[in-house]
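The values are calculated or read from the model by the stated rules, or taken from the named source; none is laboratory data. This is a predicted model, so every value here is computed, not measured. Positions of Cβ are backbone-derived with ideal geometry, glycine not excepted, and every protein chain shown enters the neighbour counts. Ligands, DNA and RNA are excluded from the accessible area calculation, which covers all protein heavy atoms including side chains. Shrake-Rupley method; radii C 1.70, N 1.55, O 1.52, S 1.80 Å.
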2 protein chains.
Amino acid sequence: MATTETRAEPLSIGEVAERTGLSVHALRFYERGGLLVGPVQRTAGGRRRYTAVDVDWLLICVKLRESGMPLADLKRFAELVRHGPGNEAERLQLLDAHQQRVEAQIQALEECRSVIAWKVGVYAEYLARGEADGLWDPTV
Amino acid sequence: MATTETRAEPLSIGEVAERTGLSVHALRFYERGGLLVGPVQRTAGGRRRYTAVDVDWLLICVKLRESGMPLADLKRFAELVRHGPGNEAERLQLLDAHQQRVEAQIQALEECRSVIAWKVGVYAEYLARGEADGLWDPTV
DNA sequence: CTAGGAACTAGAGCGAGGTCTAGATCAAGT
DNA sequence: ACTTGATCTAGACCTCGCTCTAGTTCCTAG
């Protein structure tokens, strides 16, 4: 899962924001909340310097968040990774549980989609008929 | 989209909660917020009596909400319906826009799913190998 | 008649997930 | 040296979507 653009030099918070889609605020917020695996390096002047590994982790985070994983779970996952080898089973379990939630979510959404599509169809047909007769009022 | 169980008698708020999956709190909250099409009937004593039409509308609401439509949009839709015939084009537009968001959401989720599946695979394989060598530590 | 459960109202409270502010510092260009 | 813009911290604040509370009233069964 290496970033295609293999960067050796560390990035500033702004650059990371750009690459991950997270705001700089969110990046600091995540860090404060312990969602990062390691502490981010700093320059002499105190600015954050993100490595490629940091960015890869954040990209994973983004995907997990995007698919609805709560920050608390993300934090737990980060803790496990931070803690080092030996807890891979728990990490797997966490991911696996999430994966199932995502599957369920997709299913639910597909169901919604079909209900909505049906309704869109009802209106589209009504309008296509040119409202020839206002006799049928789709109240629902 | 008639409820399979065609009921003539109106239902109490508790019964509607059961049938829609919304809490009684949420039902009152939705009503206050103007998310219902018409005012709900009341008994002499002031209790709400929901008709089959009310319930059908709520079931649609549930699907729209479940798929991420904000309450504000739902409210707008209810207003249009309440306003009566003549604005079907706008209703269609609203639904159509939402439908597209749902499609996009499903796509995004599927992408997330594959990223997660990949990660699950990485851990599963690692564990299956029996951690024969701790040389490879999946830090990401 | 009485007890107990369901419903009523208005409004406060809550959890999640950030976002924004203030005031200060750092760093690069001219 | 000076200006400009990105970053820094800690903490206040915000939106969304309910949920819960308090105090009261309704209604049904015993």
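Some observations on this one:
- Only one of A:Arg28, A:Arg65, A:Arg48, A:Arg42 that is more than 13 Å from DNA strand D (Cβ to nearest atom) and either surrounded by 14 or more Cβ atoms within 10 Å (Cβ to Cβ) or away from chain B (no Cβ under 12 Å) (or both): A:Arg65
- Test result for A:Val37, over 16 Å from the mean Cα position of the chain (by Cα), more than 8 Å from DNA strand D (Cβ to nearest atom), open to solvent by 50 Å² or more (accessible area, probe 1.4 Å) and within 14 Å of chain B (Cβ to nearest Cβ): no
- A residue that is among the polar types (S, T, N, Q), within 27 Å of A:Glu66 (Cα to Cα) and more than 18 Å from the chain's Cα centre (by Cα) occurs nowhere in the range B:60-68.
- Those residues of the range B:23-53 which are farther than 20 Å from B:Glu79 by Cβ and hydrophobic (A, V, I, L, M, F, W, C), in sequence order: B:Val24, B:Ala44, B:Ala52
- Members of the range B:3-13 found to be at pLDDT 95 or above, more than 12 Å from DNA strand D (Cβ to nearest atom) and not in a strand (DSSP E or B), listed by number: B:Ile13
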